[in-house]
Amino acid sequence: MQELETYVAQHRERFLSELMSLLRFPSISTLPEHAADVRACAEWLCDHLALLAPTRLELFPTEGHPLVYARWEISPQAPTVLIYGHYDVQPPDPVELWDSPPFEPVLRDGRLYARGATDNKGQFFAHVKALEALVRLDRLPLNVILLVEGEEEIGSIHLRPFLETHPELLGCDAVLISDTALYRDDLPTLCYGLRGLCYLEVSVRTAAADLHSGVFGGVVDNPILVLAHILSGLRDGYGRITIPGFYDDVLEPTPEERQRLAELSPDEEELRHQLGAPCLFGELGYSVLERRWLRPTLDINGIIGGFTGTGAKTVLPAVASAKLSMRLVPHQRADDIARKTEAAIRALAPPTASVEIRVLHSANPVVIPLDSPPLHAAARALARVFGRSPVFVREGGTIPVVEWFTELFRVPVVLMGLGLETEGAHAPNEHFHVKNFLRGILASALFLQEYAHAKA
C-alpha cells in the first residue's frame, strides 16, 4: 500500500488537473445540441486511456452516444474485473443558482465544483487513476475491462443491446461500480441493494383543443382536476400505495436488516432541518432508513397543464399530464407494477376523460448477497484506506445496469460509493470531495489486489 500511496501523492496535482479537463466537457446526453460535446468527451477519454497501453481500446458507436471500451489482459488464466462508469451528465439548470460556471471546474475548500464531479466523472475517474498506478508500478494483478457509457442519465437506452450482442468482450468474474454514496463522510460504505423503478407518464384529455371556460365550463370536464383525482387515489395520506395488488410480492425486511439499519439511524430532527421540511413523512411502522431503502414508494415527479404564465387566462385546458415514479423492492417486478398501475388509473378515470399511459423507464430491484467474495475483498480494501471497517447499506435509487450485469453475466457486482449524498448530484453546485477522490484511487487499486489474492 505504501508504494501506491507514494504514487498517488506524487501525482495528486496532475490527477486533479486531468479530472478538471474531463469535467470541462458539457457531455449532456439528454440534449441533442450537446451530441458533439458528448462525443468529444468520449474521444478525450479514449485518448487518455491510450496512454495506459491497454490490450484493446475501442470507441463503440451506438444509435445514440458512444461507449468507451478498454481492456488490460495480463493472463488468460487470471480473473477479470469489469469496471463500469458513465461520462454523461445532467443538464446544469438552473444555471443562475451555481456559484461558478458548471463546466468551468473550481477547487474550493477541498471540493471540486462542476457538473458531473460526483455523478459520475469523479467517481469513475478514480478507477482510471487506480489503473494508471498499477500499470505504471507494474502491479496490475488481474485482467481489467473498463466500460464507460454516455447514456446513463437517459436510462442507458443502448447499453443493454450492447451487453447482449458483445458477450465475448465482457466476460468477467466481478463488476465494480462507483455510483452510490458513502453513508457519512469518513465512513466507508458498500451498497448491497438498490430499489427498482417504474416510471410512467399519464395524460388526461377531455377535449380536442383548449376551450373558453366561460363558454364551456360546466359542460366539458377539466383535465387537471381529473388528473388530480386520479393521482390522489394512488396512495393514502401516509404514503402507503393504494393500487390493488401493489404489495403482493413485497419482501419484508428481516429482523437482522432492521437491526442493522437501526444502528445507522439518523437524527430525525437534524435530517428534517437539513432537508428544510416542516416535518418528516412516510409509511407508518417503518423507520426513516427503512422507508428510504427497503420500502416501495410512489411519487409525482411533475405535472403539466393549463395556463401558468404571468397574469390571467381563463382557459379550460384540453389536456393535462403527469410523470410519476414508483421505487420497487424485492420481489416486485417493474412490468407487473406497470400493469397494476395502469389498471388502477383507468379504474379511477371518469367517462368524461380519455387516458393515455406510457412506460418511460423501468428496472427491477437488486439485492447482492452479503457473502459475495468480491464484496469481502472490497471491504478489506476500504478498511485499509479508511482505517475502519465499512458499513453495508441498501440505497433507494436505481442503477439499471446492475440488474443487467447480474442477469446477463451471472456475476457479483460491487457497489463501492465514493461520493456523498450531500454533494449535489443533479443539482446546482455539484461537487466532489478531493480527499474521497484520492481515497477512491487507493481503494480501487487495493480492491483489485485483494480480489486477485482471494481468487489465487
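Reported count of residues in the range 403-427, each being charged (D, E, K, R), farther than 14 Å from Val367 by Cβ and either crowded, with 18+ Cβ neighbours inside 10 Å or in contact with a helix residue (DSSP H, G or I) (Cβ under 8 Å, 6 or more places away or on another chain) (or both), is 1.
Before we move on, is Val175 of a type in the set (A, V, I, L, M), in the same structural domain as Glu407 (by TED's automatic domain parsing), modelled with pLDDT of 95 or more and surrounded by 23 or more Cβ atoms within 10 Å (Cβ to Cβ)? For Val175, the condition - of a type in the set (A, V, I, L, M), in the same structural domain as Glu407 (by TED's automatic domain parsing), modelled with pLDDT of 95 or more and surrounded by 23 or more Cβ atoms within 10 Å (Cβ to Cβ) - is met. Selection over the range 61-76 of residues that are over 19 Å from Leu142 (Cα atoms) and either surrounded by fewer than 18 Cβ atoms within 10 Å (Cβ to Cβ) or basic (Lys, Arg) (or both) gives a count of 3.
Search the range 102-142 for residues being within 23 Å of the chain's Cα centre (by Cα) and of a type in the set (Val, Ile, Thr), and hand back the single one that is surrounded by the fewest Cβ atoms within 10 Å (Cβ to Cβ). Here the residue is Val128. A search for C-beta distances below 6 Å between a residue of the range 322-333 that is under 28 Å from Arg205 (Cβ atoms) and of a type in the set (A, V, I, L, M, F, W, C) and any residue that is assigned to a strand (DSSP E or B) and at pLDDT 95 or above, counting only pairs 6+ apart in sequence or on different chains, returns Ala322/Val202; Ala322/Ile300; Ala322/Ile303; Leu324/Leu200; Leu324/Ile300; Met326/Cys198; Met326/Leu298. Only one of the listed residues (Leu159, Leu131) is touching a residue at least 12 places away in the same chain (Cβ under 8 Å), more than 25 Å from Pro105 (Cβ to Cβ) and assigned by TED's automatic domain parsing to the domain that holds Val68. That residue is Leu159.
A residue that is within 30 Å of Gly397 (Cβ to Cβ), touching an Asp or Glu at 6+ places or on another chain (Cβ under 7 Å) and either among the hydroxyl-bearing types (Ser, Thr, Tyr) or buried (at least 18 other Cβ atoms within 10 Å of the Cβ) (or both) cannot be found anywhere in the range 207-230. In the range 83-101 there is no residue matching the filter, namely being over 18 Å from the mean Cα position of the chain (by Cα), within 18 Å of Ile441 (Cβ to Cβ) and not in a helix (DSSP H, G or I).
Scoring Glu270 on the criteria (1) acidic (Asp, Glu); (2) assigned to a helix (DSSP H, G or I); (3) buried (at least 16 other Cβ atoms within 10 Å of the Cβ) leaves a single failure, condition (3).
All of (1) over 18 Å from the mean Cα position of the chain (by Cα); (2) of a type in the set (D, E, K, R); (3) assigned by TED's automatic domain parsing to the domain that holds Ser444 hold for Glu356 with one exception: (3). On the given criteria, is Leu280 in contact (Cβ under 8 Å) with a residue 40 or more places away in the chain, in a loop (DSSP other than H, G, I, E, B), surrounded by fewer than 16 Cβ atoms within 10 Å (Cβ to Cβ) and of a type outside the set (S, T, N, Q)? Spelling it out, it is not the case that Leu280 is in contact (Cβ under 8 Å) with a residue 40 or more places away in the chain, in a loop (DSSP other than H, G, I, E, B), surrounded by fewer than 16 Cβ atoms within 10 Å (Cβ to Cβ) and of a type outside the set (S, T, N, Q).
When Glu201, Glu153, Glu164, Glu168 are screened for being in a helix (DSSP H, G or I), surrounded by fewer than 23 Cβ atoms within 10 Å (Cβ to Cβ) and touching a Leu at 6+ places or on another chain (Cβ under 9 Å), only Glu164 passes. For the range 362-384, a residue qualifies if it is touching a helix residue (DSSP H, G or I) at 6+ places or on another chain (Cβ under 8 Å), hydrophobic (A, V, I, L, M, F, W, C) and either without any contact (Cβ under 8 Å) to a residue 40 or more places away in the chain or part of a loop (DSSP other than H, G, I, E, B) (or both), and exactly one does: Ile368.
Is it fair to say Gly237 is assigned by TED's automatic domain parsing to the domain that holds Gln332 and not in a loop (DSSP other than H, G, I, E, B)? So Gly237 fails the test. Going through (1) over 21 Å from Glu395 (Cβ atoms); (2) part of a loop (DSSP other than H, G, I, E, B) one by one, Pro253 falls short only on (1).
The rows are residues; the columns are (1) in contact (Cβ under 8 Å) with a residue 24 or more places away in the chain; (2) within 25 Å of the chain's Cα centre (by Cα).
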residue	(1), (2)
Gly239	yes, yes
Glu252	no, yes
Pro255	no, no
Arg258	yes, yes
Leu261	yes, yes
Glu268	no, yes
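The values are calculated or read from the model by the stated rules, or taken from the named source; none is laboratory data. What you see is a predicted model; the values in this text were computed from it and never measured. Ideal geometry is used to build each Cβ from the backbone, glycine not excepted, and the neighbour counts take in all protein chains shown.
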